[in-house]
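Right, one structure below, let's go through it.
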Amino acid sequence: MVVLSAPASVASSGLPAARRTGWRRFLLPVTYAYVAALVAVTVWLSTMNDTTETRFVLHVSTNLHNLVRGHYGTLFSSAFVIGDTEVALLIIPLLLSLLALAELRFGAWQVIRIFLAGHIGATLLVALGLWVAVEAGWLPMAVTRAEDVGISYGALALIGAFYAVLPARWRPTWAITWLAVAVAGVVMGRTFTNVGHLLAVAIGLAAGFWALRIGRFALPKLTRYETGLLIVAAALGYLLLVG
């Protein structure tokens with residue numbers, strides 16, 4: 001691996017952590033803070049009875065019922081709730097690897113931007129589609145009050161954005177594979193969440209493509225450690241799409 005050096009004035013301006021050396025590369029504040037928040041909320045929910053937990057999850061859900069009533073805070077609060085404790089125990093360690101790689105390669109602020117673009121963008125597009133379908137009578141009103149929380153939209157956007165960190169020869173394969181798996185998830189699952197997953201992957205791929213186009217990322221090739229993180233991240237992506 002070729003280590004790129006930079007003057008102190010540049011290094012302090014928020015460059016991706018992949019350009020750091022030694023222990024500094026493990027300073028990943030966004031990754032640690034978000035995972036800690038997910039763990040805390042999961043533990044807190046595990047202390048509730050089923051009725052209270054369901055009420056809370058519905059309160060922070062980005063379902064159509066909440067959004068049309070102006071509860072826009074759910075666009076953020078829903079990203080901190082996984083819901084099922086057993087699912088959280090499986091997802092959080094995998095998410096840690098995904099976020100670590102994203103923050104290493106993109107930097108803290110880019111991770112936040114891409115995650116929110118996927119989480120909020122896919123949520124609003126799905127909500128628009130549901131609103132049209134309910135108004136047209138294609139779907140029952142009950143769908144407007146469905147539980148809709150979790151990290152999947154944001155995580156899948158980051159997976160799509162990894163398009164930007166791969167060697168050029170692998171980028172088309174990465175994009176086509178994830179779009180195909182997301183489409184397969186829609187065909188098999190046939191839920192609005194599956195459609196949201198497809199939209200989130202597309203948003204992430206668009207973010208990665210645009211970042212390359214404007215020359216935002218000029219990073220060294222993936223190290224073995226980062227390649228391992230990418231494999232774990234891909235496992236999480238597959239689990240979210242078709243698991």
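The values are calculated or read from the model by the stated rules, or taken from the named source; none is laboratory data. Computed from a prediction, not measured in an experiment: that's the story for all the values here. All Cβ positions, even for glycine, are placed from backbone atoms using ideal geometry, and neighbour counts span all protein chains on display. Note: areas computed on protein heavy atoms with side chains; ligands, DNA, RNA excluded. Shrake-Rupley method; radii C 1.70, N 1.55, O 1.52, S 1.80 Å.
What the table shows:
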read-out	value
Accessible surface, per residue, of the chain when the full set of protein chains is kept, probe 1.4 Å, Å²	52
Cβ-based charge dipole, the chain, positive-most Cα from N194, L205, L241	L205
The chain - mean residue ellipticity at 222 nm from DSSP helices (-39,500 (n - 2.57) per run, n ≥ 4, rounded to 500)	-21500 deg cm²/dmol
Leading residue at positive end of dipole, the chain (Cβ point charges), from A40, L95, G185	L95
Rounded Å value of the spacing that divides the Cα centres of the stretch 53-88 and the stretch 94-136	15
Rounded if a/c under 1.5, otherwise prolate or oblate - the stretch 58-122, Cα gyration tensor axes	oblate
Over the chain, relative contact order from alpha-carbon pairs under 8 Å, at least 6 apart, %	25
Environment charge at R145 (Cβ cut-off 15 Å; Lys +1, Arg +1, Asp -1, Glu -1)	0
Magnitude of the charge dipole, the stretch 102-243, Cβ model with Lys/Arg +1 and Asp/Glu -1, debye to 20	560
Length-normalised contact order for the stretch 66-176 - Cα pairs under 8 Å, 6+ apart - percent	37
Rounded if a/c under 1.5, otherwise prolate or oblate - the stretch 101-243, Cα gyration tensor axes	prolate
Inter-label distance for V132 and T51, nm, one decimal - labels placed 7 Å from Cα along Cα-to-Cβ	4.1
Accessible carbon and sulfur surface of the stretch 144-243 relative to its total accessible area, %, 1.4 Å	66
Percent carbon-and-sulfur accessible area, the stretch 21-114, ignoring ligands, DNA and RNA, probe 1.4 Å	68
³J(HN,Hα), Karplus 6.51/-1.76/1.60, whole Hz, each residue of the stretch 147-154, x for Gly, Pro	5, 9, 9, x, 9, 5, 5, x
Contour excess over end-to-end distance, with Cα ends at E147 and V87 and 0.36 nm allotted per residue	20.1 nm
